[in-house]
Amino acid sequence: MGIKIGGEFELSVDVLKESPKNYNMLSLKKEKYISVDTGRSALYVALQEIIKKVRKREAWIPMFCCDSVVAPFIQLGFTVNYYSMGDDLRSPSKLPNSLEDITFLFINYFGKKNETIIEWLEHNRKKSTVVIEDNVQAVLSDNVGNNGDYVIYSLRKYLPQPDGALLAYNGETISPQLLEPNEQFISEKVIGKLLRGADADAETFLKLFSSSEESVDGQIKPRMMSVFSRFLFDRVNLAQVKQVRRDNWTYIQTSIKALKGNPNMLHPLYDELESEEVPLGYPIVVKNQKRDQLKHYLASYDIFCPVHWPIPMNRSRSIENYTDYQLSTSILTLPIDQRLSRKEIQYMVDKISEFYGEITNT
């Protein structure tokens, strides 16, 4: 069929020919913002500012998070403590007894507003508490970004640009010393995206994507957003992107529920999408330890589903955090991005159905 679903966003020359748009502003709730290259750089800059204001470098972050969230804290000498979000990401536990002089980070997962943590903060936040709101997975949602002293946004998970992130805040202007964009990272990303858009050999552009990510691993060095990414962002119709993602989420929600045998096979992590929420993807929980098998099966049909996120066993020092680890071994994010039509969404659902039909008959 020639259908390819998920994976890195491709680029075409046609996108570069687009005229700048007037409706590409994000719904930022803060007075000021800084443009940087990646979400981890935005977080690093925020922590540099926090160090100037707090008496101790102690942080609480969710067990269910990407390693790139943990890295800036470690690099800047914070003591890191973990709290649990439960196996549904809505049942927090192991939260700090006091938020006095604490840096507390929470995540709005998959484009959804983290209502349970926000409500908890309303009752437990102190004047000396510094809250970081991670909107990397909710960059296009309009009902987030109000509750952090510092708010992190990343654009490259939702849009085709190679880099681009924002740190939003109120108060005195932050003027970090940012390095020039990473030429290797940008070049390899752009070439890879162009090759993918031209239907080049997958091995070629996948090597470029892998090499580009390796170039920004390791020690964090905050950089400016590239000129190329700014150029692309000015040509994106964000209103259209938001609507297509919401429509695809609604369509796949109906289709997944109709699968024969569901929920014994799998179930969606979220059942509802609020009016101002724009989803990153459609996360499902795959039962009976079939997640990796399903992931590989779909990949064999050019359906590429990321895992958000693998949790290292050594991150947890307590068996009470096991529910987060359990979720990390069973969750799979189905793509619903703006490149996809109902045809591609239905194709993906059909392949999921075929997978379960095959394993049932073996």
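Add -39500 (n - 2.57) for each DSSP H run of 4 or more in the chain, then divide by its residues: what number comes out at 222 nm, to the nearest 500 deg cm²/dmol?
Working: 11 runs with 127 residues, N = 362.
Result for the chain: -11000 deg cm²/dmol, rounded to the nearest 500.
Taking a temperature of 4 °C and a viscosity of 1.567 mPa s, what whole-number D in µm²/s does Stokes-Einstein yield for region 61-215 with Rh from Kirkwood over alpha carbon pairs?
Values: Rh = 17.7 Å.
Calculated translational D: 73 µm²/s.
Counting other Cβ atoms within 10 Å of each Cβ, which chymotrypsin sites (Phe, Trp or Tyr not before Pro) in region 228-332 have at most 12 and sit in a DSSP loop?
Details: sites: Phe228, Phe231, Phe233, Trp249, Tyr251, Tyr270, Tyr297, Tyr301, Phe304, Tyr322, Tyr325; in loops: Tyr270, Tyr301.
Nothing satisfies the criteria.
Mind checking which lysines have their C-alpha under 20 Å from Lys32, skipping anything on the same chain fewer than 8 residues away?
Leaving aside lysines fewer than 8 places away in the same chain, those within reach of Lys32 are Lys52, Lys53.
How many Å² of accessible area per residue for region 145-257, probe 1.4 Å? Present the calculation step by step, with values, prior to reporting the outcome.
Working: 5240 Å² over 113 residues.
Ligands and nucleic acids excluded, the figure is 46 Å² per residue.
Calculate the spin-label point distance for Ile3 paired with Asp217, positioning each point 7 Å from the Cα along the beta-carbon direction, and give it in nanometres.
That separation, rounded to one decimal, is 3.3 nm.
Rounded to whole Hz and in sequence order, give me ³J(HN,Hα) for region 67-75 from the Karplus expression 6.51 cos²θ - 1.76 cosθ + 1.60, θ = phi - 60°, writing x for Gly and Pro.
Per residue, the Karplus-derived 3J(HN,Hα) values read 4, 5, 6, 6, 4, x, 4, 5, 4 Hz.
Under 19 Å Cα to Cα from Lys207, which aspartates and glutamates show up? Leave out anything in the same chain fewer than 8 places away.
Lys207 reaches Glu8, Glu10, Asp163, Glu183, Glu188, Asp199, Asp217, Asp302.
For region 87-177, what log10 I(q)/I(0) values come out of the Debye formula at q = 0.12, 0.20 1/Å, with one point per alpha carbon and no solvent?
Log10 of I(q)/I(0), two decimals: -0.41, -1.02.
What are the lysines whose alpha-carbon lies under 24 Å from the alpha-carbon of Lys260, with same-chain residues fewer than 8 places away excluded?
Partners found: Lys287, Lys290, Lys295, Lys343, Lys351.
Looking at (i) 0.99; (ii) 0.95; (iii) 1.06, which value of Rg/Rh (Cα atoms, Kirkwood Rh) comes from a calculation on the structure shown?
Correct label, based on the coordinates given: (ii).
Could you give the spread of the C-alpha atoms of region 180-252 along their three principal axes, from largest to smallest, in whole angstroms?
Computed over region 180-252, the largest-to-smallest principal extents equal 39, 31, 22 Å.
Scan around Arg223 for amide H atoms under 5 Å from its own, H built in the peptide plane at 1.01 Å from N, and keep only partners 5 or more places away or cross-chain.
Those lying under 5 Å, H to H, from Arg223 are Asp37, Thr38, Leu179.
What translational D, rounded to a whole number of µm²/s, comes out for region 1-97 from Stokes-Einstein when the hydrodynamic radius is the Kirkwood one over Cα pairs, at 37 °C and 0.692 mPa s? Don't skip to the answer; put the middle values down first.
Numbers: Rh = 17.5 Å.
The Stokes-Einstein estimate is 187 µm²/s.
What is the Cα centroid distance between region 206-235 and region 64-131, reported in whole angstrom?
Here the two parts' Cα centres lie 27 Å apart.
Sort the following peptides by mean Cβ neighbour count (other Cβ atoms within 10 Å, averaged over residues), highest first: 106-113, 214-221. Please list the in-between numbers first.
On the way: 106-113: 24.2, 214-221: 13.2.
Top to bottom by mean Cβ count within 10 Å: 106-113, 214-221.
For all pairs of alpha-carbon atoms in region 210-347, what percent lies in each bin of width 10 Å, listed from the first bin to the last filled one?
Spelled out bin by bin, region 210-347 gives 10, 30, 33, 23, 5 percent.
The values are calculated or read from the model by the stated rules, or taken from the named source; none is laboratory data. Keep in mind the model is a prediction, meaning the values are calculated, not measured. Glycine also receives a Cβ, built like all others from the backbone with ideal geometry; neighbour counts cover every protein chain displayed. Remember, those area values only see protein heavy atoms, side chains included, never the ligands or the DNA or RNA. Shrake-Rupley method; radii C 1.70, N 1.55, O 1.52, S 1.80 Å.
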